[in-house]
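Input: a single structure, listed below in structure tokens.
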């Protein structure tokens, strides 16, 4: 009986598309899903007449895999992953590899990696970005965990991943949860990028009273600039899309309440734990929370009042101002994300390579963008950068674009248009470049009510002093 190259558990759309990707690239795949009808439907429909075989028990599924067994899990993050692993463990041996390709929290992946070593099999956590289309055509992949697992899976992962300049958008990130951590930070940057784009759309719509088709043209033009990215591209396409029933722009029919799966929140929480400012990401998460309070916002809009947006100057100049401000703020969001990666690498002893991470984000993933080439250049010139903001290219852009950026933020505030991500980005930039901050007063306050101690500018650092204020 011929056995299969790879096994995959979890036939949601992502799982199905990854199976079809692997099969198209010459691999034979065994599939299993807890709901048997889903397996039957996939084999009869999308998997028909392909080198894909459905199985209806974990025992039969594992028995039909080549050794060492390579088993992808594409199930919902959380307890479901632990349950599937528990179901697999009686049927796997020491050389076998279990690969979690879902959006698992990196600490869960750390725990599962440690458990796998104790139980004598190999475990990998792979961050996969690109959505449904990426899974089918080639995603960006961020593998972590067992080094043996990576060496065994490397050719397969290279083959099925996206390519940028003929190079696979896939590389080993590090042990345990490193792969899922990098994917988490990717998603945090994604939150920030999406929020900044949404604020740009909203600002121009309100200030210039533009229709969706006009806004679509603006974003399409921006796609030909340094802002070139997947998210700018799809924004242009979204804004030109029309509802087939009503003939109205579909964007005008979508309820303004954003949901989330939690990865942005994980990024913010971890950044707080590590003491790294990721204010743009955090504000983007908070903006989704605020959007979800739709009923309260409707009531508040009848009670609370602010200025009505108005603008009578040059329309094209404001569009250009917004473009420049968006690029500057976007670069700051990348700077925050890579700053977090740097700190995490030291904290968790992962030796993350920022140049390599930027290179595998160039295609296949949601935040793929022209700006990543600039980030790669920055780390090639100096892999010990404290922060991307001090790279000469970033410094040049921020120097040249900040007048427009400040103007946009001030104009939005004057006209009562909320732009939390733009504002957070500017505050981060101003704080990071400041020789002095008001933290001396905070330390004085802490000393006043709690005798916490403070450092003095005229004494040795890391030496605490006290003062009686009354």
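Of these, 194, 184, which one is surrounded by 19 or more Cβ atoms within 10 Å (Cβ to Cβ), touching a helix residue (DSSP H, G or I) at 6+ places or on another chain (Cβ under 9 Å) and under 26 Å from residue 415 (Cα atoms)?
Values: 184 fails: under 26 Å from residue 415 (Cα atoms).
Criteria check complete, one pass: 194.
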Read through the list (1) at pLDDT 95 or above; (2) in a loop (DSSP other than H, G, I, E, B), then give the number of the only condition that residue 103 fails.
(1)
Checking residue 114 against (1) out of contact with any helix residue (DSSP H, G or I) (no Cβ under 9 Å at 6 or more places or on another chain); (2) over 23 Å from residue 185 (Cα atoms), which test does it fail?
(2)
Condition met for residue 444 (in contact with a helix residue (DSSP H, G or I) (Cβ under 8 Å, 6 or more places away or on another chain) and part of a helix (DSSP H, G or I))
no
Can you find a residue that is outside the structural domain of residue 370 (by TED's automatic domain parsing) and more than 27 Å from residue 261 (Cα to Cα) anywhere in region 167-182?
yes
Filter region 378-399 down to residues that are under 21 Å from the mean Cα position of the chain (by Cα) and over 19 Å from residue 426 (Cα atoms) and give me whichever is surrounded by the fewest Cβ atoms within 10 Å (Cβ to Cβ).
379
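Among the listed residues 416, 453, which satisfies the condition of being at positive phi and in contact (Cβ under 8 Å) with a residue 40 or more places away in the chain?
Details: 453 fails: in contact (Cβ under 8 Å) with a residue 40 or more places away in the chain.
Exactly one of 416, 453 is at positive phi and in contact (Cβ under 8 Å) with a residue 40 or more places away in the chain, namely 416.
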Any hit, region 405-412, residues being in a loop (DSSP other than H, G, I, E, B) and touching a residue at least 40 places away in the same chain (Cβ under 8 Å):
no
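So if I check each of 125, 177, 130, which one is on the phi > 0 side of the Ramachandran plot and buried (at least 23 other Cβ atoms within 10 Å of the Cβ)? Walk me through how you get there before you give the answer.
On the way: 125 fails: on the phi > 0 side of the Ramachandran plot; 177 fails: on the phi > 0 side of the Ramachandran plot.
Going through 125, 177, 130 in turn, the sole match is 130.
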Can you report the number of residues in region 160-210 which are closer than 22 Å to residue 322 by Cα, in a helix (DSSP H, G or I) and over 17 Å from the mean Cα position of the chain (by Cα)?
10
Hey, does region 137-148 have a residue that's at pLDDT below 95 and closer than 13 Å to residue 363 by Cβ?
no
Could you run through region 384-396 and say how many residues are assigned to a helix (DSSP H, G or I) and out of contact with any helix residue (DSSP H, G or I) (no Cβ under 6 Å at 6 or more places or on another chain)?
4
Across (1) within 19 Å of residue 196 (Cα to Cα); (2) out of contact with any strand residue (DSSP E or B) (no Cβ under 9 Å at 6 or more places or on another chain); (3) crowded, with 17+ Cβ neighbours inside 10 Å, residue 217 clears everything bar (3)
Condition (residue is over 22 Å from the mean Cα position of the chain (by Cα), assigned to a loop (DSSP other than H, G, I, E, B), loosely packed, with under 10 Cβ neighbours inside 10 Å and assigned by TED's automatic domain parsing to the domain that holds residue 416) applied to region 280-296: is it met by at least one residue?
no
Between 8, 18, which is within 29 Å of the chain's Cα centre (by Cα), outside any helix (DSSP H, G or I) and surrounded by 21 or more Cβ atoms within 10 Å (Cβ to Cβ)?
8
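Being out of contact with any helix residue (DSSP H, G or I) (no Cβ under 6 Å at 6 or more places or on another chain) and surrounded by 21 or more Cβ atoms within 10 Å (Cβ to Cβ) is true for just one of 425, 410, 371. Which residue is that? Spell out how you get there, then give the answer.
Numbers: 425 fails: out of contact with any helix residue (DSSP H, G or I) (no Cβ under 6 Å at 6 or more places or on another chain); 410 fails: surrounded by 21 or more Cβ atoms within 10 Å (Cβ to Cβ).
Result: 371 is the single residue among 425, 410, 371 that is out of contact with any helix residue (DSSP H, G or I) (no Cβ under 6 Å at 6 or more places or on another chain) and surrounded by 21 or more Cβ atoms within 10 Å (Cβ to Cβ).
In this structure, does residue 50 turn out to be touching a helix residue (DSSP H, G or I) at 6+ places or on another chain (Cβ under 8 Å), modelled with pLDDT under 95, more than 22 Å from residue 100 (Cβ to Cβ) and loosely packed, with under 15 Cβ neighbours inside 10 Å? Before the answer, list the steps.
Numbers: touching a helix residue (DSSP H, G or I) at 6+ places or on another chain (Cβ under 8 Å): yes; modelled with pLDDT under 95: yes; more than 22 Å from residue 100 (Cβ to Cβ): yes; loosely packed, with under 15 Cβ neighbours inside 10 Å: yes.
Spelling it out, residue 50 is indeed touching a helix residue (DSSP H, G or I) at 6+ places or on another chain (Cβ under 8 Å), modelled with pLDDT under 95, more than 22 Å from residue 100 (Cβ to Cβ) and loosely packed, with under 15 Cβ neighbours inside 10 Å.
The values are calculated or read from the model by the stated rules, or taken from the named source; none is laboratory data. What you see is a predicted model, and the numbers here were worked out from it, not measured in a lab. In this analysis, Cβ positions are derived from the backbone assuming ideal geometry, glycine residues included, and neighbour counts consider all displayed protein chains.
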